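K.L.:
Mind looking over this structure? Questions follow.
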Amino acid sequence: MRAGRIGTVHCYGRFAVDAVSRAGAVLGDREVVACRTPETFLAELDRVEAVLGLGMRVPDWSVARRLRLIHLVGSGADSILPAAGLSPDVRVAAAKGLSAPAMAEFAVAMLLALAKRLPEVLASQRSRAWEPHHPVVLSGGTLLVAGAGPVGREVARRAKALGMDVIGVRNGPDPVPEFDETHPAGRFAELAGRADAIVLAVPATPLTRHLLDGKVLDRCRPSCLIVNVSRGEVVDERELAARLRAGSIGGAALDVFEKEPLPPVSPLWDAPGAILTPHVSWSSPGYGRQVVELFARNLERVERGEPVVNPVDLARGY
């Protein structure tokens, strides 16, 4: 890894630009170049040493001959893949774990909203109808968590506080302390049949695309509640919408979608028992500053020739 001072940093996208501008002197006396559009960033590519951002779709990274660090403001690498031409010497880091508490709170809040029938309750309220909607009790039920990263673990902790049994799947042999049972990812479909609720907290990779598809949904109990705070590609949205309309799934809360913003023609918009939110589960008041502080730490580590915190394996996608 090449050491030495990084005097200029680039910020790509509105979130990164705004976060750096609000963070004050966190980045020291380095020159900061704000790139709010893809065109601006691509025009700067040959002088980029380090970049903080998300969604940097670069046709050929080999142009960035000075590049030493790509730092993502999110947790997954899907926003920069396939990263054609990127030198193996470039360090890639992500903001893994920073949003885990917020996302876990959001996921559990959505579970409670579905269990207590809030979509139906609010619909009755809007129509001024006194209609009892009988809630479900989560305590004593079984939660299946897909993903053993920071978000999945934080979800498990909170679900246990509600009295739920937590089973989880992961890509790895080691048991997860926060799970009552840890299983290989390949058993997800089988375990879905045991679950009273499912929370999806996996990265977007070829292996997780449509992890929750029609076949898995057919294994689910009719009362099963589903929450997705990972990536939209993880769910087959048309199959899920069809099950919601048929009443063969208890409800679903989705914060992420295959296409964002969600197109007006999506069958999810008016699917019964669905809660749709515009990719906000990660958000918290201090998140931007946390990201910039981590970026600053990793800049210093790259300058010293040390490994970065929260490295990304581009081959795995996270």
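K.L.:
Let me confirm something: among 286, 247, which residue is among the small types (Gly, Ala, Ser), over 14 Å from the mean Cα position of the chain (by Cα), within 21 Å of residue 106 (Cβ to Cβ) and surrounded by fewer than 18 Cβ atoms within 10 Å (Cβ to Cβ)?
P.N.:
286
K.L.:
If you don't mind, another one. Please work out which one of (1) outside any helix (DSSP H, G or I); (2) buried (at least 19 other Cβ atoms within 10 Å of the Cβ); (3) touching an Asp or Glu at 6+ places or on another chain (Cβ under 8 Å) is the condition residue 217 fails and give its number.
P.N.:
Condition (1) is where residue 217 drops out.
K.L.:
Can you name every one of the strands (runs of 3 or more DSSP E) wholly within segment 43-161 that holds 1 or more residues which are in the same structural domain as residue 21 (by TED's automatic domain parsing) and not charged (D, E, K, R)?
P.N.:
50-53, 69-72, 91-93
K.L.:
When the residues of segment 1-58 are narrowed to those that are among the polar types (S, T, N, Q) and without any contact (Cβ under 8 Å) to a residue 12 or more places away in the chain, which ends up surrounded by the fewest Cβ atoms within 10 Å (Cβ to Cβ)?
P.N.:
Only one residue tops the list, namely 37.
K.L.:
What's the number of the condition residue 265 fails, among (1) aliphatic (A, V, I, L, M); (2) over 30 Å from residue 4 (Cβ atoms); (3) touching a residue at least 12 places away in the same chain (Cβ under 8 Å)?
P.N.:
(3) is the only condition that residue 265 fails.
K.L.:
Then there's this: Could you list all residues from segment 162-179 that are outside any strand (DSSP E or B) and more than 18 Å from residue 149 (Cβ to Cβ)?
P.N.:
Answer for segment 162-179, where residues must be outside any strand (DSSP E or B) and more than 18 Å from residue 149 (Cβ to Cβ): 162, 163, 164.
K.L.:
With respect to residue 77, is the statement that it is under 22 Å from residue 150 (Cβ atoms), buried (at least 18 other Cβ atoms within 10 Å of the Cβ) and in contact with a Gly (Cβ under 6 Å, 6 or more places away or on another chain) true?
P.N.:
yes
The values are calculated or read from the model by the stated rules, or taken from the named source; none is laboratory data. Owing to the predicted nature of the structure, the values given are computational and were not obtained by experimental measurement. For neighbour counting, all protein chains shown are included, and Cβ atoms are generated from backbone atoms with ideal geometry for every residue, glycine included.
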